[in-house]
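Structure first, then comments.
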């Protein structure tokens, strides 16, 4: 796989965005957008994707422990569908289970003080989602 990929970590208040490097190998946090409405969020995400020249969009989808689709996963599915209406790129769902905890662990590993760890993890969670996708799909 090569080419830039964008990952989305949908949340009820904020949406984390991560971008891969141009070779599609390394995920990097990009930004956090405030959730407004699904259509508006999808338009912003599509514009970011166009501006960054991505080839694919990956939306984090939190499946239940038994792999079932719960309420949050349905929200991710609806956001992915709204993004597809805004841009002509592949938009895939990717299991994001544990991404927020992994983002928290990354902050700890980087030596962040406890007070700093309490902040938003949305862009780091999106980075974790993207890196797991990249690693799983490495050619």
query: Taking region 1-14 as the search range and keeping residues that are crowded, with 24+ Cβ neighbours inside 10 Å and not in a loop (DSSP other than H, G, I, E, B), which one is modelled with the lowest pLDDT?
result: 9
task: Hey, can you tell me all the residues within region 47-69 that are free of Cβ contacts under 8 Å to residues at least 60 places away in the same chain and within 14 Å of residue 10 (Cα to Cα)?
output: 57, 59, 61, 62, 63
- line: Screening 48, 17 for residues that are touching a helix residue (DSSP H, G or I) at 6+ places or on another chain (Cβ under 9 Å) and either farther than 15 Å from residue 92 by Cα or surrounded by 18 or more Cβ atoms within 10 Å (Cβ to Cβ) (or both) leaves only 17
- line: Looking across region 20-30 at residues that are assigned to a loop (DSSP other than H, G, I, E, B) and touching a strand residue (DSSP E or B) at 6+ places or on another chain (Cβ under 9 Å), the single one that is surrounded by the most Cβ atoms within 10 Å (Cβ to Cβ) is 24
- line: Of those in region 89-116 that are modelled with pLDDT of 60 or more and touching a strand residue (DSSP E or B) at 6+ places or on another chain (Cβ under 8 Å), the residue nearest to residue 127 (Cα to Cα) is 96
Filter result for residue 38 (more than 21 Å from residue 137 (Cα to Cα), surrounded by 13 or more Cβ atoms within 10 Å (Cβ to Cβ) and touching a helix residue (DSSP H, G or I) at 6+ places or on another chain (Cβ under 6 Å)): yes
message: Among the residues of region 31-39, are any assigned to a loop (DSSP other than H, G, I, E, B), touching a strand residue (DSSP E or B) at 6+ places or on another chain (Cβ under 6 Å) and touching a residue at least 40 places away in the same chain (Cβ under 8 Å)?
response: no
query: Which members of region 62-88 meet the condition of being at pLDDT 95 or above, surrounded by fewer than 17 Cβ atoms within 10 Å (Cβ to Cβ) and assigned to a loop (DSSP other than H, G, I, E, B)?
result: 88
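The values are calculated or read from the model by the stated rules, or taken from the named source; none is laboratory data. No experiment lies behind these values; they were computed from the predicted model shown. Don't worry about glycine lacking a Cβ; one is built from the backbone with ideal geometry, like all the others, and counts go over all protein chains shown.
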